[in-house]
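Scroll down for the structure; my scribbles are underneath it.
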Amino acid sequence: MSAPAALSNLVRALHHRNYRLFFAGQVTSLIGTWITRVATSWLVFRLTHSAFLLGIVSFAGQIPTFLGAPIAGVLVDRWNRHRVLVVTQALAAIQSALLAAFALTHTITVWHVLVLVAIQGCINAFDVPARQSFVVEMIEDRADLPNAIALNSSMVNSARLLGPSVAGVLIAAVGEGWCFAVDAVSYLAVIASLLLMRIAPRARPPVTREVWAELAEGFRYVAGSVPIRSILLLLALISFAGVPYTVLMPVFVAAYYGNAPHMLGVLMGAIGVGALGGVLWLAARRSVLGLGRMIMISGATFGAALIAFSLARQLWLAVPLLAAAGAGMMMELAASNTLIQTLVDEDKRGRTMAFYTMAFFGMAPFGSLAAGLLAGWIGAPATVGACGALVLVGVALFLRHYGALRTAVRPIYRRMGILPPSPPVSVEE
C-alpha cells in the first residue's frame, strides 16, 4: 500500500463532514481538559501535600458519573444526542470558568475544588454516554466506525500528550488559574463545531415506559450478552486498579523527580506518547476481527508496565515504562469500545454506553480513593505495583472465558457480514 493510501486508510473516518468538525473541536477542547486535570492535581497537592486528598478529589469528580450514568443512558436513548452535547459542553465551560475565577483571585480552597469537580462529574454522567453514542450518527458508513472510535482515542491521547506539557509550563509561569481559564475558552471550539454540523433526524420510538423499566431492560441486555458483559467487567477492573496511578503522579514527582511542575508534564506526556502510538496502530486496522485477543495483550502490557514503573527510580527508565503503560491502557480501552459499539443493538446503544461509562469512568473514583488510602499506608510505589498485579489477575480471568466469548460473537459477526455465513448442514450430518 502506498503512503498516501495508508494515510487515507488511517484517517478514513475524517471523510465524513460531521465527524471532521467533531474531531477538530474536540482536539482543542481536550487539550484544555488535560491542562485542567494536571493543574487540579498540582493545586491540590500544593495546598495539602496529601496523597489521600488527591484521591478524595478524584473520587469527588468521578463518583457522580458512576451514580448518574445509568439514568443518563436511558435519557440519552430518548433525547436528541446532538442537543445534549451542546448543553453539556456549555455547562463544562462555565465550570472551568468558575475554577479560574477562584484561582485567579487567590480565594480557592480544596473545598472549592471538591464542589466544582463534583459538578463536572454530574455533567460527564450525561456527556460521556451521549458523546459515545453520537459517534454512529456522524459516520454514514458503518465500516468506518472502528476507525472513528480509534481516532477518538487518538484525540484523547494527542491531548494527553500536549495538555500536561502545556500545563507544566503554565503552572510554572503564571499559576494554575490560567490553566483553568484556557480550558474554559477551549470549550468554545467544540460548541462551535457541534453547531456547524448537519445531523439527519434520528427516529426515536415513542416513550411508553417508565425510566426504571427501560433501565432494567438495559441492564438485562448487558448482563445477558456474554461478550459485552465480559468486556465491561475487565474494563471495570482496569479502571479501578489501573487508571488511578495517574492520580499519584505528583507524589512520584515530589519523591524521585525533583518536585518540579514540568516533570509532572514529562511523565504525563510519556503516557500520552505511548497511548497515541497504540491507538494510531488500532486506527490503521480495517476489521474488528482479533480485537478480543488485543484486549488481553494490551491489558497484560498495561499491568506489567505498572509493576515495572513502581520499581523504577530513574527518569530514563520511568519514561518508556509509562509510555508502555499508556499504550496498553488506551489500546485496551479503544478495543473494548470498538467491540461494544459493533455488537450493541441500536435501540440500546445509549444505555449500553452508560454502563460502559460506569465501568471505565465510574469505577475510577473508587480506585482513586483506594489508591490514595493505600498510598498513605504503604507508599505510592507499592500501591502502583499492587494495582498492576490486580490488572494481570483480571486479564487472566478474561483469558479463562475467552473461548465462550468467541463462540458468542461469531453469530453476531456473521449476521453483520463481518464473517462469512456458516455453510449449510447436510441432512446426512
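So which residues in the range 236-259 are among the aromatic types (Phe, Trp, Tyr) and closer than 11 Å to Gly367 by Cα? Step through it out loud before you land on a result.
Narrowing the range 236-259 to residues among the aromatic types (Phe, Trp, Tyr): 240, 245, 252, 256-257.
Answer for the range 236-259, where residues must be among the aromatic types (Phe, Trp, Tyr) and closer than 11 Å to Gly367 by Cα: Phe240, Tyr245.
Would you tally the residues in the range 42-64 being of a type in the set (Ser, Thr, Tyr) and crowded, with 23+ Cβ neighbours inside 10 Å?
Restricting attention to the range 42-64, the residues satisfying the condition of being of a type in the set (Ser, Thr, Tyr) are 48, 50, 58.
Applying the additional criterion that residues be crowded, with 23+ Cβ neighbours inside 10 Å yields 58.
Qualifying residue count, the range 42-64: 1.
Return a yes/no flag: does the range 119-131 have any residue that is among the basic types (Lys, Arg), touching a helix residue (DSSP H, G or I) at 6+ places or on another chain (Cβ under 7 Å) and modelled with pLDDT of 75 or more.
Start the filter on the range 119-131 by keeping residues that are among the basic types (Lys, Arg), which leaves 131.
Filter again for touching a helix residue (DSSP H, G or I) at 6+ places or on another chain (Cβ under 7 Å), leaving 131.
So of that shortlist, the ones also modelled with pLDDT of 75 or more come out as 131.
Within the range 119-131, one or more residues are among the basic types (Lys, Arg), touching a helix residue (DSSP H, G or I) at 6+ places or on another chain (Cβ under 7 Å) and modelled with pLDDT of 75 or more.
Quickly run through the range 1-40 and pick out the residues that are among the hydroxyl-bearing types (Ser, Thr, Tyr) and either in contact with a Lys or Arg (Cβ under 7 Å, 6 or more places away or on another chain) or modelled with pLDDT of 80 or more (or both).
Keep residues of the range 1-40 that are among the hydroxyl-bearing types (Ser, Thr, Tyr), which gives 2, 8, 19, 28-29, 33, 36, 40.
Tyr19, Ser29, Thr33, Thr36, Thr40 - these are the residues of the range 1-40 that are among the hydroxyl-bearing types (Ser, Thr, Tyr) and either in contact with a Lys or Arg (Cβ under 7 Å, 6 or more places away or on another chain) or modelled with pLDDT of 80 or more (or both).
Looking at Val84, Val117, Val110, can you tell me which residue is closer than 26 Å to Trp178 by Cβ, crowded, with 20+ Cβ neighbours inside 10 Å and of a type in the set (Val, Ile, Thr)? Give the steps one after another, and end with the answer.
Working: Val84 fails: closer than 26 Å to Trp178 by Cβ; Val110 fails: crowded, with 20+ Cβ neighbours inside 10 Å.
Among Val84, Val117, Val110, only Val117 is closer than 26 Å to Trp178 by Cβ, crowded, with 20+ Cβ neighbours inside 10 Å and of a type in the set (Val, Ile, Thr).
Which of the residues that make up the range 216-250 are within 16 Å of Ala325 (Cβ to Cβ) and of a type in the set (Val, Ile, Thr)?
Ile238, Val243, Thr246, Val247
State all residues of the range 169-223 that are at pLDDT below 75 and either of a type in the set (Ser, Thr, Tyr) or in a helix (DSSP H, G or I) (or both); if no residue qualifies, say none.
Going through the range 169-223, the residues at pLDDT below 75 turn out to be 199-212.
Thr208, Val211, Trp212 - these are the residues of the range 169-223 that are at pLDDT below 75 and either of a type in the set (Ser, Thr, Tyr) or in a helix (DSSP H, G or I) (or both).
Can you find a residue that is out of contact with any His (no Cβ under 9 Å at 6 or more places or on another chain), free of Cβ contacts under 8 Å to residues at least 60 places away in the same chain and within 25 Å of Val409 (Cβ to Cβ) anywhere in the range 300-313?
yes
When both residues are 6+ apart or on different chains and their Cβ atoms are under 7 Å apart, which pairs have a first residue that lies in the range 400-429 and is assigned to a loop (DSSP other than H, G, I, E, B), and a second that is polar (S, T, N, Q) and at pLDDT 75 or above?
The qualifying pairs are His401/Ser230.
What are the residue pairs meeting all of these: first residue in the range 84-108, first residue closer than 16 Å to Gly175 by Cβ, second residue crowded, with 21+ Cβ neighbours inside 10 Å and charged (D, E, K, R), Cβ atoms under 6 Å, and 6 or more apart or on different chains?
Ser96/Asp183; Ala103/Glu176
Is it the case that the range 81-88 has a residue that's within 22 Å of Pro365 (Cβ to Cβ) and out of contact with any Pro (no Cβ under 7 Å at 6 or more places or on another chain)? Show your work before the answer.
Taking the range 81-88 and keeping what is within 22 Å of Pro365 (Cβ to Cβ), we get 88.
Subsequent filtering for residues that are out of contact with any Pro (no Cβ under 7 Å at 6 or more places or on another chain) retains 88.
For the range 81-88, residues within 22 Å of Pro365 (Cβ to Cβ) and out of contact with any Pro (no Cβ under 7 Å at 6 or more places or on another chain): present.
Being more than 29 Å from Leu397 (Cα to Cα), in contact with a Ser or Thr (Cβ under 6 Å, 6 or more places away or on another chain) and not small (Gly, Ala, Ser) is the filter here; which residues of the range 233-284 pass it?
Within the range 233-284, Pro250 is the sole residue that qualifies.
Among the candidates Leu67, Leu21, single out the residue that is surrounded by fewer than 21 Cβ atoms within 10 Å (Cβ to Cβ) and touching a Leu at 6+ places or on another chain (Cβ under 6 Å).
Leu21
Tally time: how many residues in the range 71-87 are modelled with pLDDT under 80 and β-branched (Val, Ile, Thr)?
Residues in the range 71-87 being modelled with pLDDT under 80 and β-branched (Val, Ile, Thr): 2 in total.
Looking only at residues that are of a type outside the set (A, V, I, L, M), more than 29 Å from Arg131 (Cα to Cα) and surrounded by fewer than 24 Cβ atoms within 10 Å (Cβ to Cβ) in the range 345-382, which one is nearest to the chain's Cα centre (by Cα)?
Here the answer is Pro381.
Restricted to the range 233-276, and to residues that are aromatic (Phe, Trp, Tyr) and out of contact with any Cys (no Cβ under 7 Å at 6 or more places or on another chain), which residue is nearest to Gly376 (Cα to Cα)?
Initial filter on the range 233-276 (aromatic (Phe, Trp, Tyr)): 240, 245, 252, 256-257.
Remaining after also requiring out of contact with any Cys (no Cβ under 7 Å at 6 or more places or on another chain): 240, 252, 256-257.
Numbers: Phe240: 18, Phe252: 13, Tyr256: 17, Tyr257: 19 Å.
Result: Phe252.
Would you mention how many residues in the range 301-344 are surrounded by fewer than 21 Cβ atoms within 10 Å (Cβ to Cβ) and closer than 30 Å to Gly224 by Cβ?
2
The values are calculated or read from the model by the stated rules, or taken from the named source; none is laboratory data. Because the structure is predicted, anything quoted here is derived from the model rather than measured. FYI the Cβ positions are ideal-geometry reconstructions off the backbone, even for glycines, and counts take in every protein chain you see.
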